[in-house]
């Protein structure tokens, strides 16, 4: 009897239901719109749809034209079919950048999520000056990236910078955080996590705020441990928000140009060159518009696929 | 019950939708209409200028343009500052949409890039006018010729962005070593400077810092090498280049080049000079002014002599170009001739730190009172070659060389020290071959 109660309690908790709640879920009635109303909605939406197509569609189509031609930013040039895509995919630099982008994205998404989740949970507890901490923790996200990258360069850029000097004083040698290819890659990823965790913290805080506190009380009464509460209640109930934040952060990471470019420029020796940095450098430094835009296209396709997969996960978690 | 959308008092749904459609159409039509007009149809010659120095420079240049009084039926001119950030994109977009300038300064090889795309108006008539008013003979030797192509003059130079060796005298005194005059003495001085904690060959190749790239090319040219041969064809793997890269790697392995130089931004490098950490290294003209050093200890060194007796450096002749998209080509030419004649105002006000292209300006007391300037004019300018060395004529491919990924990767590979000369040069050659259009 007691076991059954615990199971049903946790099962109800996973659904975000307080004890004694209705348990039937919200009514999911599909309101039937009349044909006339649907037509009205269509005509009301049409101007926005047309504008969206023009604003997003035109550049996309033009980029497609550039990716299949050998021109410049001024001239379209000759049609070369998929040659630009073929040359890009065949280049070692592309795959090196793709590997770094993948690593940068994985660390950026899950690193910032882990830190953000941890801090969101910490801020949920009653700590003195919690509001002030919340504001201070938002600063990395709020401060312009130009300012924070300059600050980070000041912290790690030269052997005499603050952090290398600290290592030296501790007898740990003088690490060259931006000059050593491996350390530079790690530094850029840590910088990305530092810049991004406030966003994750806010998303998670918002999700946690929507979880009824009595759910935890019920779970606690049912004998659930802290870890069980976290893994069986907190994570499932914030899953929807988590997946959305992962999608957004994946897009932010893959498209992130300033974080990398301002700190390392993609170096040393391409160690921190991501696909977006490679695309920029190909178009604006090597003046090869077609291959550069082709890289951007391949990035877009990858992002769409990843986003769709994660979006399906959201729908799945909603159904559950 | 009636839907609130279906009827409204005095305002029908059909009318509302019509209004919404009209509201959406107006900006679209306005946007479409913009493409048919040209920005230069306003009756002025648009002059775009870059922030070549402190903001006071652009203010002074604007005053020159505003004070320009055209003769005859020529048009007046207007001035606009364009930021360096994404400047090529800014120019390209404007030119493509016919909203670009009629006359501009810009990147060192920008004129050749846009000439390749048929956007540049040749400056032969300007050169003729300069011959008539005597300014042609006032050019320093060899600065105008690189702009002459088979079709005409692509642009007119107005200042020389020099690459020279600087040193801090107090550090050399402290190290007890003479200022280098050749490669062996550079190695010796570098070791002595390192012993006192100073940098013996200060450069940087981090984000946005091109001085490291320039130093690599400079050492090749200093050894009688270069990226191109005399016919203007790629010639990266020549023996002189190999020797120069081997020497740079020796500087790296001896710690004479800062091990973190590979990631040094311009700010990092400037701080090294400012903080009396850099003892010797390559920089542009006007180093003390650029970093705000007033000690008088920063001095221009003698040009280095390479192991085969060669003595050379590099320079970038910055230029003013004219575009085909102009309300009046005659007006563009008249304005450019007038502006070139007034350039001396900028040096008289000490607003420009680079070298002027006119001898008369180098003789101005405001310029000649600085012994560093005099030394650059007398000892460095005559031996300086452009980026096309060992060739001489500039071309669009040099823009790819100067700002491209190949040279940056090449320099960074050297500065990390994890390569040998031939491998680094081979990768550089391969990179250039894939990006420089034949």
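Bear in mind that the values in this text are calculations on the coordinates, not laboratory data. This is a predicted model, so every value here is computed, not measured. FYI the Cβ positions are ideal-geometry reconstructions off the backbone, even for glycines, and counts take in every protein chain you see.
Helix B:211-222 against the longest principal axis of chain B: what's the angle in degrees, Cα atoms only, rounded to the nearest 10? With both axes taken from Cα atoms, the answer is about 50 degrees. Look at the stretch B:231-241: the mean tally of other chain Cβ atoms within 10 Å of its residues' Cβ atoms is 0.
Within 10 Å of the Cβ of each residue in B:94-103, the mean number of Cβ atoms contributed by other protein chains is 1. Sorted from longest to shortest, the spans of the Cα atoms of the stretch B:164-267 along the three principal axes equal 46, 30, 23 Å.
Could you check how many percent of all C-alpha pairs in the protein assembly as shown are farther apart than 49 Å?
Values: 86451 of 286903 pairs.
Of all Cα-Cα pairs in the protein assembly as shown, 30 percent lie more than 49 Å apart.
Please compute the contact order of chain A in relative form: average sequence separation of alpha-carbon pairs under 8 Å and at least six residues apart, divided by the residue count, as a percent. Value for chain A: 28 percent. For chain B, the relative contact order comes to 24 percent (Cα pairs under 8 Å, sequence separation of at least 6).
Here the residues B:367, B:358, ranked from fewest to most Cβ neighbours within 10 Å of their Cβ, fall in the order B:367, B:358.
Between the stretch A:261-295 and the stretch B:323-378, the C-alpha centres lie 36 angstrom from each other. Rounded to the nearest 500, the helix-only mean residue ellipticity at 222 nm of chain A stands at -21500 deg cm²/dmol, with each DSSP H run of n ≥ 4 adding -39,500 (n - 2.57). Here the stretch A:91-319 was treated as a single set of alpha-carbon atoms; its pair distances binned every 5 Å from 0 give 1, 6, 12, 15, 15, 15, 12, 10, 7, 4, 2, 1, 0, 0 percent. Packing order of peptides A:192-202, A:43-53, B:209-219, A:78-88, highest average first: B:209-219, A:192-202, A:78-88, A:43-53 (average count of other Cβ atoms within 10 Å over each peptide's residues).
With a simple spin-label model that places each label point 7 Å from the Cα along the Cα-to-Cβ direction, the separation between residue A:127 and residue B:294 comes to 4.7 nm.
Shielding value for A:58-71 is 0, the average number of Cβ atoms from other chains within 10 Å of each residue's Cβ.
With a Förster radius of 41 Å, plug the Cβ-Cβ distance of residue B:364 and residue A:167 into 1/(1 + (r/R0)^6) and report the FRET value to the nearest 0.05. Display every interim value, and only then the final one.
Details: r = 51 Å, r/R0 = 1.25.
The formula returns an efficiency of 0.20 here.
Any chance you could tell me what percent of the C-alpha pair distances in the stretch B:106-189 go past 21 Å? Counting every Cα pair in the stretch B:106-189, those more than 21 Å apart make up 52 percent. Each principal axis of chain B carries a Cα extent, and these read 93, 67, 45 Å when sorted largest first. For the stretch B:371-438, the normalised intensity computed at q = 0.27, 0.28 Å⁻¹ comes to -1.10, -1.14 (log10 of I(q)/I(0), Debye sum over alpha carbons, equal scatterers, no solvent). Fewest-first ordering of B:131, B:174 by other beta carbons within 10 Å of each residue's beta carbon gives B:131, B:174. One equal scatterer on each Cα of the stretch A:209-287, no solvent, Debye formula: the resulting log10 I(q)/I(0) at q = 0.12, 0.20, 0.21, 0.25 Å⁻¹ is -0.57, -0.85, -0.90, -1.10. Residue exposure proxy: B:235, B:275, ordered by other Cβ atoms within 10 angstrom of their Cβ from fewest to most, comes out as B:275, B:235. In the frame of its principal axes, the stretch B:207-358 has Cα extents of 58, 45, 31 Å, reported largest first.
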